[in-house]
1. Considering all projection directions equally, how large on average is the shadow of the alpha-carbon convex hull of segment 9-75, in square nanometres?
2. Could you pull out which residues in segment 367-406 have an amide N less than 17 Å from a spot 7 Å beyond the Cα of residue 255, following the Cα-Cβ vector?
3. Need one number: convex hull volume per residue for segment 122-204, Cα atoms only, in Å³.
4. Out of residues 5 or more away from residue 199 or on other chains, whose amide H comes under 5 Å of its own, with H placed 1.01 Å from N in the peptide plane?
5. Any idea how far apart residue 222 and residue 295 come out in nm if each label point goes 7 Å out from Cα toward Cβ?
6. Could you give the C-alpha radius of gyration of segment 377-425 expressed as a fraction of 2.2 N^0.38 Å, taking N as the number of residues it contains?
7. Report the Stokes-Einstein translational diffusion coefficient (µm² s⁻¹, integer) for the chain, Rh taken as the Kirkwood radius over Cα pairs, at 4 °C with viscosity 1.567 mPa s.
8. Within 10 Å, count the other beta carbons around each residue, average over each peptide in 151-161, 212-222, 257-267, and list them highest first.
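What follows draws every value from the coordinates through simple rules; no lab data is involved. These figures come from a predicted structure and were not determined experimentally. Using ideal geometry, Cβ is built from the backbone for each residue, glycine included, and neighbour counts are taken over all protein chains shown.
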Amino acid sequence: MTEATSDVFDLIGIGFGPSNLALAIALQERGHNMRAAFLEARPQFAWHPDMMIAGSDMQVSFMKDLVSLRNPRSAYSFVSYLHDKGRLSRFINRKTFFPSREEFNDYLGWVAAQLPVCHYDSRVTAIDPVGRGDHITELAVTSESSNGQSRIYRTRSLVLAPGGQPHWPEIFRPVQGTSQVIHAQDYLSATTARIKPGMRVAVIGGGQSAAEIFTDLAQRPQIAGVQLILRGRALMPSDDTPFVNEVFDPGQTEIFHAKPEADRQRMLQNLAATNYAVVDGDLIEQIYEMLYEQDVRGEDRLLLTAETQIQAVAATDQSVTLNMTGPQGAVAADFDLVILATGYRRDLDDAMLKSLTPWRKGPPDRNYRLPMADHFEPAIFVQGFSEATHGLSDTLLSVLPFRSEEIALALEAFHNRHMNAVAAE
Ligand SMILES: Cc1cc2nc3c(=O)[nH]c(=O)nc-3n(C[C@H](O)[C@H](O)[C@H](O)COP(=O)(O)OP(=O)(O)OC[C@H]3O[C@@H](n4cnc5c(N)ncnc54)[C@H](O)[C@@H]3O)c2cc1C
């Protein structure tokens, strides 16, 4: 059954992860007067739930929460959360800037619970233009719940923040959808469901998620063998030294955006070691130590294979065979489970905007609004799809307090123009 809303919303947000949570805070703190709702596919708030690996920490300071950099007095800061939970003094006693991922997820959920603007269990499946001929005045956003009910929301503006899509390298496409090959996005639930004594697991990738999963599996004694397979020469450390870290400072977006495209590309390449295919230094030390200790014991349960390329993948009902080439030449190995920690893709064309392609005119502008053809009135903003034009922090948390305010201001200006036009009619 499809239900359509009779009123037109001023704003529909798609996704209620950290990006749109930060926007909901910015709008609320500005005292906005828009009719707004956010649609979230999950049944309740959760931040990367299948990567809540025990012992995993945040890779960003707690002060880079959803709001503090913009408004340190906010009721939605991480410090307010700690105070509310009665843990502020004890958190300080721990002398760390880095909460566990579990605690940060709890903070985000605490914020979400105070902002009753989200419709959960509402996966957006389509965004369609509404109007006459070429003149588009609204958008129709279709959402579906897990029991198959669909609902259509009409809106004058949209903020798209659905996050990234799991990246499946081409060679693994034929086995996508089998239960023996999973993406890190589903790690905890998919692995827990399949774990059995004696199983052999391969983890593909050389980044933080691969290293965390490898370490987590290493600590599960019922698993007979875990192999970490990476293309690079070695696990490389993420660079979070202070001069380099300035790239994530709020003022950097303006500077980056103003640069010519070739300079931006060069900067992204130069600074890739802050975020891509790199691992926290302490986790690298821990993995090295684990491998050394098993050597002392004369065991070979854990294996790290660097400089290795997967050449072919074949799956049966029981196992997966990986054909690889590496320092030892060509090797084939069988696994019960293969976990791809191969990152995420952020591709706007894949992300629901297909039906609006005829009106689209290029990448998001400085205020994250998509430029559209004349006579296309609705405003569409995106969060997390502007790394090429806005810099490395675009897919991360540090930019959220400011990006959300910039979008809130642009939304308000758009809304006020609409209200003035209606009043003048
Ligand atoms: C394991 C992991 C750890 C990370 N740790 C850090 C860190 O420590 N520091 C840091 O700066 N960054 C980190 N990141 C990067 C991460 O991208 C950001 O932290 C943050 O999650 C981005 O927020 P977002 O709201 O843009 O996207 P997401 O957090 O991905 O949220 C998107 C939301 O949209 C929903 N959604 C998607 N499609 C639809 C749809 N069609 N309809 C309705 N809802 C939809 C999803 O269910 C999800 O809730 C980490 C990423 C991962 C995977």
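1. 5.8 nm²
2. In segment 367-406, the label zone of residue 255 (backbone N under 17 Å from the point 7 Å along Cα→Cβ) covers 389-394, 398-399.
3. Roughly 159 Å³ of hull volume per residue.
4. Residues meeting the criterion, in which the H sits 1.01 Å from N, are 224.
5. Modelled inter-label distance: 3.1 nm.
6. My calculation over the Cα atoms of segment 377-425 gives 1.45.
7. Details: Rh = 23.5 Å.
Reported coefficient: 55 µm²/s.
8. Working: 151-161: 22.5, 212-222: 18.5, 257-267: 12.1.
Highest-to-lowest ranking by the protection proxy: 151-161, 212-222, 257-267.
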